[in-house]
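Undergrad: What follows is a structure written as structure tokens; I'll ask about it next.
Readers should treat all values here as calculations from the given coordinates under stated rules, not as data from a laboratory. Predicted, not measured: the structure shown is a model, and the values here were computed from it. All Cβ positions, glycine included, derive from the backbone under ideal geometry; neighbour counts span all protein chains shown.
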Amino acid sequence: MGEPAQARPVVAVLGGGYAGVNVAKSLDDVADVLLIEPKEAFVHNVAALRALVAPSWLPRIYLPYAGLLSHGRVIRDRAAKVDGGRVELASGEVIQADYVVLATGSAYPFPAKSDLDSTAAAHDKTLAAHAALAAAGRVLLLGAGPVGVELAGEITATWPDKDITLIDPAGDILGARFRPELKAEIRRQLSEIGVRVLLGTQLAAGPPGEPGELGPFTVRTDSGVQLTADIWFRCHGVRPVSDYLAGSLAGARQPDGRVAVAPSLQVIGQGRVFALGDVATADHPMAGAAGRQAAVVAGNIRAFITGQGELAEYEPPPPGIVVPIGPTGGAGQRGGQDELLTAEMVAELKGRDMMVDRYIELLGVPVSGPADGTDGTPG
Ligand SMILES: Cc1cc2nc3c(=O)[nH]c(=O)nc-3n(C[C@H](O)[C@H](O)[C@H](O)COP(=O)(O)OP(=O)(O)OC[C@H]3O[C@@H](n4cnc5c(N)ncnc54)[C@H](O)[C@@H]3O)c2cc1C
């Protein structure tokens with residue numbers, strides 16, 4: 001008779017987005033990983049705007065979890081109340097974990113992110129918005145941050161004749177963090193493709209109806225400009241999801257909803273509860289940052305489990321961003337580099353394949369037949 005198998009510590013990972021899937025996969029060999037996620041599939045929302053204009057991308061951005069873990073389990077449920085190692089799920093089930101990883105990310109208005117847990121329902125919502133957008137001549141986008149700019153580029157690349165207006169109360173596009181040269185280059189490209197950009201002004205009252213619905217309307221800006229469009233989308237409003245924190249954990253919740261973490265990505269005041277990605281204070285909300293933080297969290301939990309190694313710290317890199325304007329346009333900046341990323345570099349890094357391959361591989365999803373009349377290679 002062999003030795004009885006040694007019990008592995010339980011790691012509860014809350015949220016199966018960019019942060020959660022990376023942590024869960026990295027610890028699958030040393031722990032009993034329980035990945036708790038209400039959605040039926042991982043959503044590669046970095047490519048969500050491409051899927052809006054080209055719905056043949058949908059199967060490649062909703063990736064089932066079945067192939068992610070070989071030892072651990074994915075539990076399709078929602079964390080409802082979490083205090084230390086006690087995780088109460090919406091179903092009423094209670095998990096007592098040795099380590100808890102808060103990776104519940106952020107909500108963002110559709111179409112950039114989806115609030116639907118069923119893949120079929122999420123596909124249907126995108127297909128309906130695609131049909132409405134295809135039929136609309138004039139499009140109003142509220143918010144000229146990275147999402148608004150990218151959406152304007154996607155729409156123009158697919159339907160060059162649509163009349164697009166981007167409006168933002170800020171004095172420039174993309175937000176405060178990025179270089180003036182980058183903003184100028186993106187503004188130049190938007191102007192070249194005929195996108196109208198109204199900055200330093202906002203609507204006196206919001207547009208009628210829901211975003212993504214077809215129906216002509218007229219609104220006014222606070223400076224008196226009249227805008228008529230057939231459809232509108234909201235392109236601002238990241239909202240961290242942390243409403244389930246209770247007891248000793250609730251104190252780490254900041255007024256903006258993010259969870260305060262130490263450089264080790266341990267939640268402030270906690271030893272065995274970690275937070276990362278959009279829900280944590282460690283960095284700006286980027287999938288790339290979530291991935292780098294996942295390596296730190298997984299390494300630190302592994303160090304606790306094995307008793308080997310020091311706790312590592314996460315250090316945010318200087319601001320960097322890749323801003324595609326359709327599959328072949330755009331620009332970007334990398335921390336520590338003076339030169340901007342050219343349109344060709346942006347197409348290579350993101351615009352052409354929208355980084356789908358790496359997530360198809362991470363999720364262990366078998367490559368299926370052609371999605372859009374191409375050779376069937378993902379991306
Ligand atoms: C259109 C668009 C394009 C983008 N492009 C880029 C890009 O090019 N590069 C880049 O670096 N970043 C990009 N981002 C930002 C990036 O998508 C986010 O930073 C990223 O989603 C953060 O990952 P996350 O795992 O922290 O959170 P999320 O991706 O939000 O995942 C959180 C997960 O937690 C689940 N969840 C929520 N509540 C609970 C609960 N109570 N219990 C259990 N699970 C829960 C959710 O269902 C979700 O699956 C883009 C964002 C958008 C919207």
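Undergrad: Along the Cα-to-C-beta direction of Arg177, a point sits 7 Å from the Cα; which residues of the range 275-311 have their amide N less than 19 Å from that point?
TA: Under 19 Å, as judged by backbone N against the label point of Arg177, lie 275-297 of the range 275-311.
Undergrad: Here's a follow-up. For the chain, what is the mean residue ellipticity at 222 nm derived from helices alone (per DSSP H run of n ≥ 4: -39500 (n - 2.57); sum divided by total residues; nearest 500 deg cm²/dmol)? Don't skip to the answer; put the middle values down first.
TA: Numbers: 9 runs with 94 residues, N = 379.
When only DSSP H runs of four or more count, the value is -7500 deg cm²/dmol.
Undergrad: In nm, what is the difference between 0.36 nm times the number of residues separating Glu344 and Leu214 and their Cα-Cα distance? Don't skip to the answer; put the middle values down first.
TA: Details: separation 130, 0.36 × 130 = 46.80 nm, distance 3.42 nm.
This chain segment gains 43.4 nm when fully extended.
Undergrad: At R0 = 30 Å, how high is the FRET efficiency between Ser191 and Arg239 if r is their beta carbon distance? Nearest 0.05 is fine. Don't skip to the answer; put the middle values down first.
TA: On the way: r = 31 Å, r/R0 = 1.05.
Computed FRET efficiency for Ser191 and Arg239: 0.45.
Undergrad: Using Cα pairs closer than 8 Å and at least 6 residues apart in sequence, work out the relative contact order for the range 103-166, in percent. Before the final figure, lay out the partial values.
TA: On the way: 39 pairs, mean separation 18.2, N = 64.
Relative contact order, the range 103-166: 28 percent.
Undergrad: Work out the FRET efficiency for Val367 and Ala204 from their Cβ-Cβ distance, taking R0 = 51 Å, and round it to the nearest 0.05.
TA: Working: r = 50 Å, r/R0 = 0.98.
E between Val367 and Ala204, to the nearest 0.05, is 0.55.
Undergrad: Further question: Using only alpha carbon pairs under 8 Å that are at least six residues apart, calculate the relative contact order of the chain and give it in whole percent.
TA: Once normalised by length, the contact order is 18 percent.
Undergrad: Using the basic label-point model (7 angstrom from Cα toward the beta carbon), what is the Asp124 to Ala303 distance in nanometres?
TA: Modelled inter-label distance: 4.8 nm.
Undergrad: Only residues of the range 137-163 count here: report those whose backbone N is under 19 Å from the spot 7 Å along Cα→Cβ of Ala131, or say none.
TA: Flagged as within label range: 137-138.
Undergrad: Can you give me the C-alpha center-to-center distance between the range 167-183 and the range 233-259, rounded to a whole angstrom?
TA: If we compute the Cα centre of each part, the gap is 25 Å.
Undergrad: Moving on. I want the antiparallel fraction of DSSP beta bridges within the chain, as a percent rounded to 5.
TA: On the way: 26 of 56 bridges.
So the antiparallel bridges in the chain amount to around 45 percent.
Undergrad: Using a/c under 1.5 as the rounded threshold, could you call the range 242-328 rounded, prolate or oblate? The axes a ≥ b ≥ c are square roots of the C-alpha gyration tensor eigenvalues, and prolate needs a/b larger than b/c, oblate otherwise. Write down the numbers at each step before the final one.
TA: Working: a/c = 2.59, a/b = 1.34, b/c = 1.93.
Since a/c reaches 1.5 but b/c is at least a/b, the shape of the range 242-328 is classed as oblate.
Undergrad: Here's a follow-up. Along the Cα-to-Cβ line of His284, 7 Å from the Cα, sits a label point; which residues in the range 169-200 have backbone N less than 17 Å from it?
TA: Label zone hits: 170-187.
Undergrad: Right, another one. Taking a 32 Å limit on the Cα-Cα distance, which of the listed pairs Lys39/Lys162; Lys113/Lys183; Lys25/Lys162; Lys25/Lys81; Lys162/Lys183 fall beyond it? Spell out each step's value before the answer.
TA: Working: Lys39/Lys162 34 Å; Lys113/Lys183 24 Å; Lys25/Lys162 43 Å; Lys25/Lys81 24 Å; Lys162/Lys183 23 Å.
Beyond 32 Å: Lys39/Lys162; Lys25/Lys162.
Undergrad: For Asp161 and Ser91, calculate 0.36 nm times their separation in residues minus their Cα-Cα distance, and state this gained length in nm to one decimal. Don't jump to the answer; show the numbers that get you there.
TA: Numbers: separation 70, 0.36 × 70 = 25.20 nm, distance 4.89 nm.
Working it through step by step, the gained length comes to 20.3 nm.
Undergrad: Given charges of +1 on the Cβ of Lys and Arg and -1 on the Cβ of Asp and Glu, with all other atoms neutral, how large is the dipole of the range 131-194 about its Cα centre, in debye to the nearest 20? Please report the intermediate quantities before stating the final value.
TA: On the way: 7 positive and 9 negative charges, 25 e Å.
Computed about the Cα centre, the dipole is about 120 debye.
Undergrad: Once you order the gyration tensor axes a ≥ b ≥ c over the Cα atoms, which shape class does the chain get: rounded for a/c under 1.5, otherwise prolate or oblate by comparing a/b with b/c?
TA: Verdict is prolate for the chain.
Undergrad: If I model the range 51-143 as equal point scatterers sitting on the Cα atoms and use the Debye formula, what is log10 I(q)/I(0) at q = 0.23 Å⁻¹?
TA: Those come out to -1.27, one per q.
Undergrad: Here's something else I'd like to know. With a 10 Å Cβ neighbour count serving as the proxy for reagent exposure, in which order, fewest first, do Asp353, Asp243 appear?
TA: Numbers: Asp353 18, Asp243 13.
Exposure proxy ranking, most exposed first: Asp243, Asp353.
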